[in-house]
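Values quoted throughout were computed directly from the atomic coordinates according to the rules given, and no laboratory measurement underlies them. Since the model is a prediction, treat every value here as computed from it, not as a measurement. When we count neighbours, we look across all protein chains shown, and the Cβ atoms used for this are built from the backbone with ideal geometry, even at glycine.
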Amino acid sequence: TEAYRGIHISQGGRILYILGSATVLHRFDLTKPFDFKTAKYVNQFDIPSADADSINGFSISKDGTRLFAVDEGADAEPPVLRTYSLSPAFDLESATEIHSVDLSGPLGNSEAGLQSCRDVEFSRDGGEMFISCMNGNDFNNNKIHQFSLGKNYDVSTATHLGHHRIVYPGITSGIPRGFSFSPDGMK
């Protein structure tokens, strides 16, 4: 059976993307917004990765012209954030990599494997980017890193602002796989 790692909903609930555990991103179109019973399979994109199981999170720009994929890194490989161009918008078959950034520097990952990147989200206007990371050796040292983008949805213009530590008191195992914000960004 397929294990799924993330979802993203676009176009006011008319497009649903699901990331499978084998780095395959699936697109479904919904004839009725947010009614998953009306979903029709459209296509898929096999996201290139360091390991067959290392893509853990993704996001799509509000206008559908950019796909972002977080490769957690495998063994000695650093975590990487890849940007793909989509033209026409929202079309996975047109995905072309246009940029990648090694996240080990901005996130302070000095020891391979300690910080494993899990998900990426953007503010509503694309001016802020957030990347979640988990620490395999200390389950109370998980973080969401915040970046300011000089140009909306352009990760090459990112400036690391800091991080928020996520603490789960009493939890000694488990991996936070994703996160999301409310539409107004307050929750």
**Request:** Please give the FRET efficiency for Arg165 paired with Thr96, using the beta carbon to beta carbon distance and R0 = 30 Å, rounded to the nearest 0.05.
**Result:** 0.25
**Request:** At 7 Å along the Cα-to-beta-carbon direction for both Phe179 and Ala22, put a label point, then send me their distance in nm to one decimal.
**Result:** 3.1 nm
**Complete:** The set of residues whose placed amide H lies less than 5 Å from the amide H of Ile166, leaving out same-chain residues fewer than 5 positions away, is Asn142, Lys143, Ile144
**Asked** What lysines could a cross-link reach from Lys40, if we take a straight Cα to Cα line under 19 Å and drop same-chain neighbours fewer than 8 places away?
**Response** Lys32
